[in-house]
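The values are calculated or read from the model by the stated rules, or taken from the named source; none is laboratory data. Computed from a prediction, not measured in an experiment: that's the story for all the values here. Counting neighbours? That spans all protein chains shown, and the Cβs are built from the backbone with ideal geometry, glycine included. Calculation scope for accessible area: heavy atoms of the full protein, side chains included, ligands and nucleic acids excluded. Shrake-Rupley method; radii C 1.70, N 1.55, O 1.52, S 1.80 Å.
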Amino acid sequence: MGSWRVGLVGCGFFARNHLEAWRALGPRARLAAVCDQDPQRAEACAREFGARAYTSLEEMLERERLDFVDLVTPPAAHRALVERVAAFGLPAICQKPLAPSLEEARAMVQACREAGVRLMVHENFRWQRPMRELRRRAEGLGRLFFGRISFRSAYDVYRAQPYLAQEPRFILLDLGVHLLDLARFFFGEFEGLYCHTGRVHPGIRGEDVATVLLRSRQGAACVVELSYASRLEEELFPQTLVHLEGERGSLCLGPGYRLTEVRDPVAEGFRSGREGLEVERREVPPLSPPWGQPPFEAIQESVLRIQEHWLDCLDRGEEPETSGEDNLRTLELVFACYRSAEGGREALL
Ligand code: NAD
Ligand code: 89V
């Protein structure tokens with residue numbers, strides 16, 4: 001196992017989680033340099049995390065001997081940075097969404113393929129502990145025929161991420177990308193979808209509510225719900241609730257990370273009625289990392305897990321789960337949602 005030298009670009013709101021995770025993953029990873037176009041941000045980060053500061057990627061690449069680059073900049077900056085890192089011959093991690101358009105995302109993936117370097121999209125929701133637990137247990141449900149993946153909140157996401165209020169395409173691209181990736185994680189690939197979107201908050205540009213009905217290649221239906229306008233009795237941010245039904249039982253991840261599993265212990269395939277069904281309830285809260293802070297622990301833990309996965313892949317020479325190629329299929333779902341919502345009809349994949 002190596003000690004991998006990391007250069008990180010983009011020292012804003014979310015980078016702190018990456019930086020803390022690299023620190024926690026030492027000595028397998030060693031932060032060598034940070035870069036931000038804002039010199040004060042770069043220097044503050046460099047001081048706090050013991051790295052050298054740069055204001056240009058070019059200079060950082062030329063002066064440092066890096067093993068890979070971790071990009072935590074806004075989506076509009078991703079393409080130029082990923083392509084430059086690839087041309088330099090280094091692997092890259094790029095934050096989600098990979099790009100603001102499918103064309104740009106495809107060009108980035110192609111550039112990495114042609115340069116022969118690995119690209120992982122930092123698609124972290126599937127690395128949340130309850131999601132891994134659901135996926136493991138879903139194997140015992142037989143053929144899945146229904147799912148609901150729901151994120152409904154009134155959390156003021158614009159306070160820490162004010163740029164989200166200015167995005168012409170907001171919740172599907174920023175948050176939907178996570179839940180659509182979860183849908184693929186549980187159900188595999190989809191062949192069609194319907195989507196309805198809306199804007200409730202009067203002071204933002206894009207959509208802040210969306211409902212998607214997906215049809216899987218195996219014939220399952222999965223509903224994905226997204227909202228930053230839901231004033232509910234209990235504010236659950238950033239919990240994602242999941243309900244899965246299969247031929248032999250169901251799984252339900254509810255508020256407070258309560259997981260309920262109902263299964264038929266005897267059946268091979270489908271059996272009618274409730275007789276003999278077993279019910280198991282347990283809690284699967286996130287295991288907060290050392291820097292974890294409420295309410296973000298589930299997300300912070302998933303950052304640590306996906307970065308650890310990247311190091312495992314580098315050690316073993318393997319492709320990460322959410323490689324650039326893989327993530328294109330998630331982004332295809334996102335843009336199919338916009339097509340469906342704008343055209344008022346099913347969008348085929
Ligand atoms: P931010 O605006 O707070 O920080 C971005 C930083 O990048 C800024 O400091 C900016 O100066 C710098 N930057 C921009 N272009 C640059 C360039 N070309 N070279 C060097 N520095 C540059 O944004 P954020 O909220 O930290 O979001 C960054 C990324 O992280 C986005 O893609 C966002 O979607 C993603 N994000 C992911 C999660 C998650 O759970 N996976 C959560 C929040 C944000
Ligand atoms: O980009 C994101 O993933 C954020 C969230 C708050 C959900 O982490 O918007």
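So here's what we get for this one:
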item	result
Förster-model FRET efficiency, 51 Å R0, Ala24 and Arg345, C-beta, rounded to 0.05	0.60
Global form of the range 182-331, assessed from the alpha-carbon gyration tensor, a/c cut-off 1.5	rounded
The chain: antiparallel DSSP beta bridges as a percent of all, rounded to 5	60 percent
Angle between the chain longest axis and helix 129-138 axis [Cα atoms, degrees, rounded to 10]	40 degrees
Cα→Cβ-extended label distance, 7 Å offset, between Glu58 and Leu213, nm	5.3 nm
Ranked order, Tyr54, Tyr194 - accessible area, probe 1.4 Å, largest first	Tyr194, Tyr54
Cysteines having no other Cys beta carbon under 4.7 Å from their own, within the chain	Cys35, Cys94, Cys112, Cys222, Cys252, Cys313
Burial order of peptide ranges 63-71, 309-317, 278-286 (average beta-carbon count within 10 Å, highest first)	63-71, 309-317, 278-286
Mean Cβ neighbour count within 10 Å, used as a protection proxy, ranking 3-9, 214-220 highest first	3-9, 214-220
Amide H within-cut-off set for Glu167, under 5 Å, with H built and near neighbours excluded	Arg205, Gly206
Whole-number percent relative contact order across the chain, with pairs defined as alpha carbons under 8 Å at least 6 apart	18 percent
Cα-based Rg of the range 152-267 normalised by 2.2 N^0.38 Å, two decimals	1.19
Computed magnitude of the charge dipole of the range 5-94 (debye, nearest 20; Cβ of K, R +1, Cβ of D, E -1)	280 debye
Accessible carbon and sulfur surface of the chain relative to its total accessible area, %, 1.4 Å	47 percent
0 to 90° range, to nearest 10: angle between helix 75-87 axis and the chain longest Cα axis	60 degrees
Shape call, the range 42-94: gyration tensor on alpha carbons, a/c limit 1.5	oblate
Nearest-ten-degree value, helix 177-187 long axis tilted from longest Cα axis of the chain	50 degrees
Overall form of the chain per C-alpha gyration tensor (a/c, 1.5; a/b vs b/c)	prolate
Theoretical FRET efficiency, 1/(1+(r/R0)^6), r = Cβ-Cβ of Glu234 and Arg136, R0 22 Å, to 0.05	0.20
Pair-distance profile P(r), taking every C-alpha pair of the range 242-309, with 10 angstrom steps and integer %	19, 34, 25, 17, 5
